[in-house]
Amino acid sequence: MKNVIFVMGVSGCGKSTIGKLLAQDLNMAFFDGDDFHPEANITKMSSGQSLNDDDRQGWLETLNNLAKTQLINTSCVIVCSALKQKYRDILSSDIQNETKWVHLAGSFDQIFERVNSRADHFMPSELLKSQFDILEEPKNAIEIDISLTPEQIIKKIKQELMNTSEFGLFGLGVMGKSLCRNLANNGFKISMFNRHVDGVEEDVAKNFKAQYSELDQAKAFDDIASFVNSLQQPRKIMLMVNAGKTIDYVIEDLLPHLSENDIIIDGGNSNYKKTKERNEYLKTKGIHFIGTGVSGGEEGALKGPSIMPSGDKDAYENVARFLETISAKDKNGLPCCTYVGPEGSGQFIKMVHNGVEYVEMQLLAEVSTILEALGQNPDVISKTLEGWKASASSYLLEITATIFQKKEGDDWLVKKILDKAGNKGTGNWTTIASAELGVPSTLISSALFSRYISFYKEERIELSKNFDKLDPSELDVTTTEILEAYQFARIINHYQGFKLIAEASNKFSWDLNLSEIARIWTNGCIIRSTLMEELVEVFKTTSNILTDSHLITLINHYKPSSKKVVSQCVLNEITIPALGEAVQFFNGITTKYASANIIQAQRDYFGAHTYQRLDDASGKSYHTNWI
C-alpha cells in the first residue's frame, strides 16, 4: 500500500533532516513543506510576523495536492509543521487511509537553542513561542523524542511504521473473521488474535490467515502479549467475542499489556448498561472504551456493515478512519457509520435495531402464513413477496422471498425446519428497557413473546389435540390487502423503535440524532429498507413519524386493509400477534380519551393511590371514599 509520511513539529525540531534521512532509507521521494510557501508567507515570517490560518490555507492545500499526485504512483515523505489538527485535516483530506504522521517532540528550551544556532533559517527564534502556543498534540502519530540521535530516530520510526499493525481484532468467530478480511481488503495492516485451547481451538488465527490471500500482510497470534505488542500506539483493539462476562474476562487479560490512551472497541451485542460500567472502569485505568453496535451479519461484516460507535468522542476520532472505511455506504456514498453519542448509546441503538428486526421478521412470518392459508405454495409465496419489492423493498423481504424458493429434494426446505425460533437476548433487553423507560414498544415485546411461544413445541402439540381449529378456507382477504396491512404494521414498528431511542436520549442526555441513526441504517444492516431511507428525511423535521404528513396519508390509506386482515385472521384462527398489535396500538395511541380513567378509579378505590381530574388543570391529586 502506498503511503505519504508527514513529519511534523515546531520549527527547529529537525523535520527536514529527519525527513530526508527517512526518505533515503525507505527509497521514497522527499519534499520540504517550507519550499512550497508562497512568497507572501516567506516575506511575512521574515519580518517577524506569525502566519494566520488564512495564510496557511492555500499552502496546506498545495501540500495536500502534492501528496495526492505522488500517491498515484509511489509513496513519499513530506515535512511540514502541521501544528493544529485542522491543518492536519487539510493535509490528509481524501487520503486519510494513506497518511502516516511522525511527530518530532522536544522542549521549548531544547528547540530554542537549536533555532538560535541556525543562521540561514528565515524564521526568527522569537516566533518559536507562538508555534508552541498553537501546537495541538496529534493523537494518532508516532511520537519521537528529538534528544535521540538521527540514526536512532530513523530506526524507531521504521520500527513503528513497518513492524507494527494499525489495528487489532480480538476474536475470530464468524463476524470477527469477516471484519478482518474487510479491514485487509481496505489496505489496513492488522493483527488478529484468537485464544488457544488444546484440542479445541489451536492455531485458529494462523490457519485463518493461510486461507485468504488478502491476509498475507496480517499478523496472526494466540498469545495476548505478542498480539498487543504488535500494534502501533495508541493501540486500537476491537473485541468480537461473546457478550457478557467474556468481555470482562478479555478486558482483564488485556489490561496488563496496555498503555495509557489505548483504545478498546467492543463490537459485540453487549448490554448498554454494562458498556457504561466498563467505560467508567476503564477510565480509571487510562484506557478509552468505545461501545459499538455492528449490524449486517457475516456478509455485511465482510462487504460493509452498519456501525454504531459510542463513548469518548476524541477516542472515536482515532478509530474513525478504520470503522468508516470498512462500513457500508449510503446512497450518497457516505459511510453507514457515525459517532452516535456518549457511554453505551451505540449499543443501545443496536439493541433497538435488533428489536425492530424481531418485529420485521415476525411480520414477514405472519404474512407468509396468511398467504399459505390462501392456498399459495412456497414458490407462489416467493413470487408474491418478490412483487412487493416495488412498494415495500427491504433486505428482510428479499431474503424471505429467496428462502421460499429453496428446495431440498422434491420439497421446499422451509417446510422441513423445526418451528422453534431462537434468540440471543437483544429482544429481551429491548423489552426490559422499554418497561424501565415507560415506553410502549408493544410490537417488539409481541414478537419476542411469539418466539417464546414457539419454543413450547411439545406443549403446543399436546394442546392442539384439546381444541378444534377452524379451516381457514373462509379467509376473505386479497394479497393487496395483506401487503397494505404489512405496510401499516411496519410504520407502527418503526414509530415504536425510534420512540424508544428518543426517550432514552432524553432520559440519559445522549442528544441522539434520529435522522443520522436512520441514515446509517439505510445500508449494511439487517433492517435496511426504502422506508428507512424515507425516515432519514422525516426525522430532519420531527421526532415523531406519525406527525409527518406523507406517513399520515399512508396510514389512513393502509388502515382499512389492516383492520380487515386482522379481523379475518382472528375469525379464521390464524395467529398474527404483530399485525394484530399494530392495529391495537394504533387505536390506543390515537384515542383522545382512553379507559385509563377507570383504572385510576380502581387504584384509588383499593389502594388510595389518588387521581387527577379533567376539570382541574392544576395537577392536584384527589382521593374519594368510594363506599
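Values in this text are rule-based calculations from the coordinates and carry no lab data. From a predicted model like this one, the values you see are computed outputs, not experimental measurements. Ideal geometry is used to build each Cβ from the backbone, glycine not excepted, and the neighbour counts take in all protein chains shown.
Less than 14 Å apart at the alpha-carbon level, and either on another chain or at least 8 residues along: which aspartates and glutamates does that give for Lys139?
Straight-line reach from Lys139, under 14 Å: Asp89, Glu166, Glu260, Asp262, Asp312, Asp314, Glu317.
Applying 1/(1 + (r/R0)^6) with R0 = 30 Å to the Cβ-Cβ distance of Ala225 and Ser454, what FRET efficiency is obtained, to the nearest 0.05?
After rounding, the FRET efficiency stands at 0.05.
Report the gain in length on full extension from Trp626 to Leu148: 0.36 nm times residue separation, minus Cα-Cα distance, nm rounded to one decimal.
Contour length minus Cα-Cα distance gives 163.3 nm.
Pull out the extension gain between Ala617 and Lys86, defined as 0.36 nm times the separation in residues minus the alpha carbon to alpha carbon distance; nm, one decimal.
Separation in residues times 0.36 nm, less the Cα-Cα distance, equals 185.8 nm.
Taking θ as phi - 60°, what are the ³J(HN,Hα) couplings along segment 86-94 by the Karplus curve (6.51, -1.76, 1.60), each to the nearest whole Hz, with x for Gly and Pro?
Taking θ as phi minus 60°, the curve returns 5, 5, 5, 5, 5, 4, 9, 4, 6 Hz for segment 86-94.
With unit charges on the beta carbon (Lys/Arg positive, Asp/Glu negative), name the residue among Ala315, Gly304, Ala184 whose Cα is farthest towards the positive pole of the charge dipole of segment 167-343.
So the residue we want is Gly304.
What ranking do 442-449, 207-214 get when scored by the average of other Cβ atoms within 10 Å per residue, highest first?
Result, highest mean Cβ count within 10 Å first: 442-449, 207-214.
Apply the Karplus parameterisation 6.51 cos²θ - 1.76 cosθ + 1.60, with θ equal to phi minus 60°, to every residue of segment 333-339 and state each ³J(HN,Hα) to the nearest whole Hz, in sequence, with x for glycine and proline.
Result, ordered by residue: x, 8, x, 7, 8, 8, 5 Hz.
Between Lys416 and Asn186, with labels modelled 7 Å along Cα→Cβ, what's the label distance in nm to one decimal, could you check?
3.9
If you take every DSSP beta bridge fully contained in the chain, what fraction is antiparallel? Give it as a percent rounded to 5.
That works out to approximately 25 percent antiparallel.
Around Lys236, which amide H atoms from residues at least 5 apart in sequence, or from another chain, sit under 5 Å from its own amide H, with H modelled in the peptide plane?
Gly168, Ile263
Sort 11-17, 314-320 for me by packing, meaning the mean count of neighbouring Cβ atoms within 10 Å per residue, highest on top.
Result, highest mean Cβ count within 10 Å first: 11-17, 314-320.
Counting only C-alpha contacts under 8 Å and six or more residues apart, can you give the relative contact order of the chain as a whole percent?
9
Pull up all non-local amide H partners of Val77: gap of 5 or more, or a different chain, and H-to-H distance under 5 Å with H placed in the peptide plane.
Ile5, Ala29, Phe30, Phe31
May I ask for the distance between the Cα centers of segment 375-431 and segment 266-311, given as a whole number of Å?
Value for the Cα centre distance between the two parts: 30 Å.
Apply the Karplus parameterisation 6.51 cos²θ - 1.76 cosθ + 1.60, with θ equal to phi minus 60°, to every residue of segment 517-522 and state each ³J(HN,Hα) to the nearest whole Hz, in sequence, with x for glycine and proline.
Per-residue couplings from phi come out as 5, 4, 4, 6, 9, 8 Hz.
Could you rank the peptides 181-192, 355-366, 382-393 by their average count of other C-beta atoms within 10 Å per residue, with the highest value first?
355-366, 181-192, 382-393
Going down the list Lys155/Lys209; Lys2/Lys68; Lys177/Lys273; Lys177/Lys236, which pairs span over 21 Å between their C-alpha atoms?
Check vs 21 Å cut-off fails for Lys155/Lys209; Lys177/Lys273.
How long is the gain from Asn27 to Gln217 if the chain were fully straight, where each residue apart is worth 0.36 nm and the alpha carbon distance is subtracted?
That works out to 66.4 nm of additional length.
Given +1 on the Cβ of Lys and Arg, -1 on the Cβ of Asp and Glu, and no further charges, what dipole in debye does segment 167-343 carry about its Cα centre, rounded to the nearest 20?
420
Report the calculated FRET efficiency for Phe606 and Lys273 (r = Cβ-Cβ distance, R0 = 45 Å), to the nearest 0.05.
0.85
Could you tell me which residue out of Gly168, Asn466, Val4 lies farthest along the dipole of the chain toward its positive end? Charges go on the beta carbon: Lys and Arg +1, Asp and Glu -1, centred on the Cα centre.
Value: Asn466.
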